Amino acid sequence: MSIENSFPKRYEPAEVEKKWQKVWYESGLYRFDEKSSKPTYSIDTPPPTVSGRLHIGHVFSYTHTEIISRYKRMQGFNVYYPFGYDDNGLPTELLTEKEHGIRSHQVDRKKFRELCLETGKKYSVLFSDLWKRLGFSCDFESAYSTISPSSQKISQWSFVDLHKKGFLERRKEPALWCTKCATSFAQAEIEDVNKAGMYVHIPFTVDGLAPLVVATTRPELLSACVSVFVHPDDDRFKSYIGKKAKVPFYEHLVPVIADDKAQIDKGTGVVMCCTFGDSTDILWWRKYQLPLREAISKFGKMTDITGPLKDLKIEDARKKMIELLKEKNLVLKTIDIPAETRVVNTHERCGTPVEFLVQPQWFIKVCENKEKLIEVGRKIKWNPDFMRHRFENWVENLSWDWAISRQRSFGVPIPAWYSEDGKHIHVASADELPLDPTETKPKVKCPSGEWIADNDVLDTWATSSVTPLINARFTLPNERKNFLPMSMRPQAHDIIRTWAFYSIVKSFYHFKNIPWNDIVISGHVKKPGAQVQGSQMAGQDFAKKTKISKSKDGDTFAPEKIMERHSSDAIRLWSAGASLGIDVMFDENGMAEAEKFLNKLWNASRFALMQFEGFEPKVKTPIVNSEDLWIRARLKQVISHYQTSFNAYEIHLAKVELDKFFWMNFCDNYIEFVKCRFQTGSDAEKKSAYQTIYDVLFSLLKLYAPYAPHITEEIYQLYFAQFEKSESLHLIEQPKTSDLTKEEEKALIDTEFLIAAISGVRIGKSKNQIGFKVPAEELIIGSSEEGIKSLNLFKPVLQNFSSATLLVIGNISSLKDGWETSREDVKVFLKINPEHLKKRDPA
RNA sequence: GGGCGCUUAGCUCAGCUGGUAGAGCGCAUCCCUUACACGGAUGAUGUCGUAGGUUCGAUCCCUACAGCGCCCACCA
């Protein structure tokens, strides 16, 4: 069957994409080959958190990795491109609570865990379906789940090992607490939110002196007040230092202490210290050995010591307290603080303001190793490099050790037990894992009473930070030896302080090594017009966000919806157009442009292949025309740039180079140049063109394959597959480049003259406002001596292009009239028969 | 307040190791040329944020400043 018949006139992405996805996934094309002799390139794919549906931002950043994986595979690597689901821990619990309209602590723990598992399964299918619809080349069949027994085993091993090495300890101290989620959490999970507040000025009486006026935004904590602070240099209050102040309403006495941390010019210059209103309170509490007065419970209700506020929620308690104080004339003044100038730390998962509760928690010590961690970070190649600063900045500013216990239900259990008096701790040994301490008893007898199981679970990140170990199947029977460090970690920049940081911490503590050689950071997709929205929110509580969030933006950026409007290849090409690590604006226009490209590639391929007559690709054909040598030489140059860019993970630069070559060199020039040869060329010339088209087009397919796997596979299968034997384009190695031959170098120079002359002809036709096929009587080209020699090589092309009856190539100085071209040493004059010129209004 | 990034054509952005600027969209004029009108040709539009410095020469290097964005700290 001829190409004309077998190659459809129009490209139908919807059908074609579905067709190849089916073939790829059914044949296991992208399955990881455990026994391959090729060098391994391993990717530490982010297992998406099961916390809701994925949005276009996920598609964007995951696509970058997917493109890199295909490139590496076609560069001859045995690519390990796994897939996983982070389906344990708080995010999945919150999703489950939302889906079922329940709260975890109100439901049977076992039952709740089952619901979470179900939720995880449901979303895993949604996730993998989406990635398959985008043609991702992950090994979906061996996808891991972070709640699976083997992941739990590895996660618990990590716990046990860190404990053994002394990096992990259980401490009873103030920890970041979320009263809504009823759990502690880590510094990395704090998110700043602008929130309006109010200073309340309250007088504390001091014997023999005027009352001390405290300014506070948290009057509901008055009962938890343990001291009052002033600045040592503040002359107004020097006489108060060392005296006792009486807390209004509750009437207990607290010391007045001088400390540099109290700011003279803030509020009234007098600040109360409560246990705990903020992190400074903790600092003072420790420094001055102050007593502990707890006013807030685990669930955010006021405690007994708050008297009339008991059982109220924090915000309600605040209002009530102000009322009570006002009744007693104890509010001297209130000052509103607008949201723009006040920032409150919240729990990023739910937006609840941070509280501090004293509970026994497990901490991984990170603060004492800041310098070493920064050093380890520098051994990793950061792409782009400036993202390393964000990591270092975070480590430098760490002020809390990593709290990893969560007072929740669904997660990896903490493999530890405590004696009834709390004096003894028993941590499981590595060979017993995985285990749930609530179901298993230690073999060792408890020195005092019975062992009590740790009822908490591990922070989600405590498990996801060992994905390199999960990928290496560490400690499992089928362990992948020599798998660490992995080749590359891809991720977005928002989780540098969590996922990247924690993974580096763990790898360093366990093995004194880096988790991966390279880290590749991608940006976010921002919603258009987000800045405007931000400023319009002035005066209200707001989180300054241009990032697309699934909770706030709903379906607008749902990938499924976008895929109804654009093909997968187009979405991929659009994603590939962004600079490494840079945020981009969501842009459907860009996807439409990508669709134009697909159309162009289709038509160019179809047309070029249709010309083949009596051509046998595998028979070596001599290349005889300069244009052919030229396009081949250009291709070599492009491949070289392409590879340099790709190896630096600059996938968009590789694409820009490729696009330029395809549109400007191949379509606009080369194909146009050879058209005439198809009709009037000699046999050898035709074959030279066929061979060149075959080679260049095939190379183009291979080079575009990582970006647009569907259309390139389709074109490959329609024609090239019959000669190339490979079952898929995606298993073929990418074209290699080599130094230019002497002939190719000469062809580059010669063809530049042709291009200049052709542009002259185009200018001529355009200025005369005539169609391309309107014949010229004469085409006169003036050029330099060198140019004349070069141009003489292309007479048939020039003649065909201008449809000129007479072609003259001569010395440039003899050509008076004519059009300047792209170069000074080529000038073109086109003589058109007046009959062909359009009758235009002379005005 | 600390750190990082950005500031280039009306819009979105590209410009690797310094030599008087590019793409796409948009705009104007033309062309349905036997691959593609989801196309092609031609063209207009930029003192490359501001001010200094290094240099024979800077959009690209250095310094300062400004605006914008992000990360972090600030939370009485």
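Here is how the numbers come out for the structure above:
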| quantity | calculated |
| --- | --- |
| The range A:798-825 - residue that is part of a strand (DSSP E or B) and either within 13 Å of RNA strand B (Cβ to nearest atom) or at pLDDT below 80 (or both) and, of those, nearest to A:VAL761 (Cα to Cα) | A:TRP819 |
| Some residue of the range A:197-206 being surrounded by fewer than 16 Cβ atoms within 10 Å (Cβ to Cβ), within 13 Å of RNA strand B (Cβ to nearest atom) and not hydrophobic (A, V, I, L, M, F, W, C) | no |
| Members of the range A:411-455 that are within 25 Å of A:THR475 (Cβ to Cβ) and aliphatic (A, V, I, L, M) | A:VAL412, A:ILE414, A:ALA416, A:ILE425, A:VAL427, A:ALA428, A:ALA430, A:LEU433, A:LEU435, A:VAL444, A:ALA453 |
| Test: residue in the range A:433-448 that is touching a strand residue (DSSP E or B) at 6+ places or on another chain (Cβ under 9 Å) and in contact (Cβ under 8 Å) with a residue 40 or more places away in the chain | yes |
| Set A:PHE185, A:PHE167: member being within 30 Å of A:ASP456 (Cα to Cα), more than 12 Å from RNA strand B (Cβ to nearest atom), open to solvent by less than 10 Å² (accessible area, probe 1.4 Å) and in contact (Cβ under 8 Å) with a residue 24 or more places away in the chain | A:PHE185 |
| Inter-residue pairs, beta-carbon under 6 Å, first within 18 Å of A:LYS636 (Cα to Cα) and in the range A:663-675, second at pLDDT 90 or above, 6+ apart | A:ASN665/A:ARG634; A:CYS667/A:ALA604; A:TYR670/A:ILE631 |
| Failed criterion for A:ASP316 (all others in (1) within 10 Å of RNA strand B (Cβ to nearest atom); (2) over 30 Å from A:ILE504 (Cα atoms) hold) | (1) |
| Residues of the range A:554-583 that turn out to be more than 10 Å from RNA strand B (Cβ to nearest atom), open to solvent by 30 Å² or more (accessible area, probe 1.4 Å) and part of a loop (DSSP other than H, G, I, E, B), as a count | 3 |
| Boolean, A:CYS225 is over 28 Å from the mean Cα position of the chain (by Cα), surrounded by 17 or more Cβ atoms within 10 Å (Cβ to Cβ) and under 16 Å from A:PHE276 (Cα atoms) | yes |
| Candidate set from the range A:229-239 (those that are within 21 Å of A:THR280 (Cα to Cα) and outside any strand (DSSP E or B)); member that is nearest to RNA strand B (Cβ to nearest atom) | A:HIS231 |
| Search result, residues across the range A:376-390 that are farther than 21 Å from A:HIS510 by Cα and assigned to a strand (DSSP E or B) | A:TRP382, A:ASN383 |
| Residue that is nearest to A:GLU396 (Cα to Cα) [pool: residues in the range A:472-490 that are surrounded by fewer than 22 Cβ atoms within 10 Å (Cβ to Cβ) and touching a residue at least 60 places away in the same chain (Cβ under 8 Å)] | A:SER487 |
| Number of positions in the range A:654-675 that are within 7 Å of RNA strand B (Cβ to nearest atom) and either within 17 Å of A:THR751 (Cα to Cα) or of a type in the set (Phe, Trp, Tyr) (or both) | 6 |
| Selection from the range A:207-222 of residues that are within 14 Å of RNA strand B (Cβ to nearest atom) and open to solvent by 10 Å² or more (accessible area, probe 1.4 Å) | A:VAL213, A:ALA215, A:THR216, A:THR217, A:ARG218 |
| A:ASN393 at negative phi, in a strand (DSSP E or B) and at pLDDT below 95 | no |
| Hey, A:PHE410 within 25 Å of A:SER158 (Cα to Cα) and in contact with a Cys (Cβ under 6 Å, 6 or more places away or on another chain) or not | yes |
| Conditions (1) without any contact (Cβ under 8 Å) to a residue 24 or more places away in the chain; (2) in contact with a strand residue (DSSP E or B) (Cβ under 9 Å, 6 or more places away or on another chain); number of the one not met by A:TYR123 | (1) |
| Qualifying position, being in contact (Cβ under 8 Å) with a residue 12 or more places away in the chain and in contact with a helix residue (DSSP H, G or I) (Cβ under 7 Å, 6 or more places away or on another chain), among A:ILE781, A:ILE832, A:ILE788, A:ILE812 | A:ILE781 |
| Set A:ILE770, A:ILE763, A:ILE755: member being in a loop (DSSP other than H, G, I, E, B), touching a residue at least 24 places away in the same chain (Cβ under 8 Å), buried (at least 17 other Cβ atoms within 10 Å of the Cβ) and at negative phi | A:ILE770 |
| Residue that is nearest to A:SER579 (Cα to Cα) [pool: residues in the range A:644-653 that are under 21 Å from the mean Cα position of the chain (by Cα), part of a helix (DSSP H, G or I) and within 11 Å of RNA strand B (Cβ to nearest atom)] | A:HIS652 |
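For (1) in contact with a Gly (Cβ under 9 Å, 6 or more places away or on another chain); (2) surrounded by 15 or more Cβ atoms within 10 Å (Cβ to Cβ); (3) not in a helix (DSSP H, G or I); (4) not aliphatic (A, V, I, L, M), each residue gets a yes or a no:
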position	(1), (2), (3), (4)
A:GLU613	no, no, yes, yes
A:VAL619	no, no, yes, no
A:ARG632	no, yes, no, yes
A:GLN637	no, yes, no, yes
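Table: residues versus (1) at pLDDT 95 or above; (2) more than 20 Å from A:PRO149 (Cβ to Cβ); (3) not hydrophobic (A, V, I, L, M, F, W, C).
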position	(1), (2), (3)
A:ILE364	yes, yes, no
A:GLY377	yes, yes, yes
A:PRO384	no, yes, yes
A:HIS389	no, yes, yes
A:TRP402	yes, yes, no
A:ARG406	yes, no, yes
A:GLU420	no, yes, yes
A:LYS423	no, yes, yes
A:VAL427	yes, no, no
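The values are calculated or read from the model by the stated rules, or taken from the named source; none is laboratory data. Nothing here was measured: the structure is a model prediction, and the numbers come from that model. Using ideal geometry, Cβ is built from the backbone for each residue, glycine included, and neighbour counts are taken over all protein chains shown. Note: areas computed on protein heavy atoms with side chains; ligands, DNA, RNA excluded. Shrake-Rupley method; radii C 1.70, N 1.55, O 1.52, S 1.80 Å.
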